[in-house]
Amino acid sequence: MNYDYIIVGSGLASIMFAEQLRLHNKSFVVISNRSQQASVVASGLYNPVVLKRFTATWNAAAHLESAIPKYVQLEQLLGHKLDHVLPIHRVFNSVKEQNNWFLACDNPVLTNFLNPEIIPNTNSAVKAPFGFGAVNFTGRIDTQLLIESYREFLLKRNQYIEETFEYIDVKDNREGVEYRTLKARKIVFTEGFGVHKNPYFKYLPLEGTKGELITIHAPTLKLVVILKSSIFVIPMGEDRYLVGSTYEWTDKTNEPTQKSKIELIEKLERLIGCDYEIVDQRAGIRPTVVDRRPLVGQHPSHKNMHVLNGLGTRGVLVAPSMAKALYDSIEKGASLPAEIDISRFVAVFS
Ligand SMILES: Cc1cc2nc3c(=O)[nH]c(=O)nc-3n(C[C@H](O)[C@H](O)[C@H](O)COP(=O)(O)OP(=O)(O)OC[C@H]3O[C@@H](n4cnc5c(N)ncnc54)[C@H](O)[C@@H]3O)c2cc1C
């Protein structure tokens, strides 16, 4: 079978690149297993501000501008509500933090994103004596529903193969690539942390940061905004809230742990004072990179092989523009910005 592209992986990176192909009438097939699940377990928040330090995230405005219309387009394509627009309320811990917030509001890069008013806490189930600051242009993408429904969409069109991609079976020649019975002009690898098994791209410095979340049922919490203290508390409907997440750099498994559960409970109980029950716990590996920038581009010697990875902690916001940058570089000869181009790393093959 001949295609323009084979895509390996079915997370956010894969979907956003597949959408570029679909919109440009390129044929493609996706091959994926479920070995990595960052996109499935993610809280799905989009938020243009680093709320620990009150700074803007990398290229926040540009990423927002390209991301939100993409999710709206996907909602129409898949027939599901994916984008839940919700304000984030940053909990202040002191008067000093309130003052820092006011200073940040005057920063021209942040003015549009931060609301200069201090919002008093009126919810007796929440411990926030210094009130909150609200962030604009925030919300949650239901990434689990997106991943599952996009997979269904591709399956119906015979464009999805559920299996582990065996790297030994791929052949690269001048005209394109061959994988078992499939032929394509190009192959794009989007395996998240799974790239460590990819002999062509495992030289890239993708570290991986494990994250865990719990879901609680808290009938008297009655939150209608996302709360951010040392953790996020995100309303999911029906009195359920997603609480997370943790950061762990040594454990590279997708298994939930007791240690993270305890950490999340401690942080949660500093923030809320009502009854709750834990109903779920999940874990995944964020594809984080040493220099905190995505990994995009063409293999240094296999010119038909490309990578889209390193979406880090903010895949929801950055995936759409990174996929477009990769597509434009392959199909339109556009240059990739140096900060995301994998050519910034020297290839070492063993
Ligand atoms: C706990 C947690 C919370 C997060 N919260 C947020 C958040 O609120 N907002 C945000 O923007 N980001 C968040 N992230 C980060 C976000 O999830 C990632 O940036 C993004 O999902 C990465 O997408 P990806 O497609 O690159 O990788 P993945 O989602 O990991 O997808 C990789 C895909 O490749 C497949 N694969 C790998 N190897 C093979 C192989 N050999 N053969 C076949 N298939 C293969 C995997 O099974 C998977 O389908 C969070 C992550 C975690 C873990």
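The values are calculated or read from the model by the stated rules, or taken from the named source; none is laboratory data. The structure displayed is predicted, hence computed values, not measured ones. Neighbour counts are summed over all protein chains in view; Cβ atoms, including those assigned to glycine, are modelled from backbone coordinates with ideal geometry.
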* Return the pairs, sorted by first residue and then second, in which the second residue is at pLDDT below 95 and surrounded by 18 or more Cβ atoms within 10 Å (Cβ to Cβ), the first residue lies in the range 169-186 and is in the same structural domain as HIS306 (by TED's automatic domain parsing) and part of a strand (DSSP E or B), the beta carbons are less than 8 Å apart, and the residues are 6+ apart or on different chains. => none
* So VAL49 fits all but one of (1) surrounded by 20 or more Cβ atoms within 10 Å (Cβ to Cβ); (2) in contact with a Lys or Arg (Cβ under 9 Å, 6 or more places away or on another chain); (3) modelled with pLDDT of 95 or more; what number is the exception? -> (3)
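Looking at PRO116, is it at pLDDT below 95, of a type outside the set (S, T, N, Q) and away from the ligand (no atom under 16 Å from the Cβ)? Working first, answer last.
Numbers: at pLDDT below 95: yes; of a type outside the set (S, T, N, Q): yes; away from the ligand (no atom under 16 Å from the Cβ): yes.
Yes; evaluated as a whole, the condition is true for this residue.
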* Looking only at the range 206-226, count how many residues are part of a loop (DSSP other than H, G, I, E, B) and either more than 15 Å from the ligand (Cβ to nearest atom) or touching a helix residue (DSSP H, G or I) at 6+ places or on another chain (Cβ under 6 Å) (or both). => 9
* Scan the range 1-36 residue by residue and report those that are within 6 Å of the ligand (Cβ to nearest atom) and surrounded by fewer than 21 Cβ atoms within 10 Å (Cβ to Cβ). => ASN33, ARG34, SER35
* Could you list all residues from the range 8-56 that are over 16 Å from the mean Cα position of the chain (by Cα), among the polar types (S, T, N, Q) and either part of a loop (DSSP other than H, G, I, E, B) or closer than 30 Å to HIS89 by Cα (or both)? => ASN25, SER27, ASN33, SER35, THR55
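Got a sec? Which of ARG180, ARG174, ARG157 is more than 11 Å from the ligand (Cβ to nearest atom), surrounded by fewer than 18 Cβ atoms within 10 Å (Cβ to Cβ) and at pLDDT below 95?
On the way: ARG180 fails: at pLDDT below 95; ARG157 fails: at pLDDT below 95.
Answer to the check: ARG174.
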* Of all the residues that make up the range 248-285, how many are surrounded by 18 or more Cβ atoms within 10 Å (Cβ to Cβ) and of a type in the set (Phe, Trp, Tyr)? -> 1
* Looking only at strands (runs of 3 or more DSSP E) that fall completely inside the range 236-350, which ones have 3 or more residues that are within 14 Å of the ligand (Cβ to nearest atom) and in contact with a helix residue (DSSP H, G or I) (Cβ under 8 Å, 6 or more places away or on another chain)? -> 277-286, 305-309
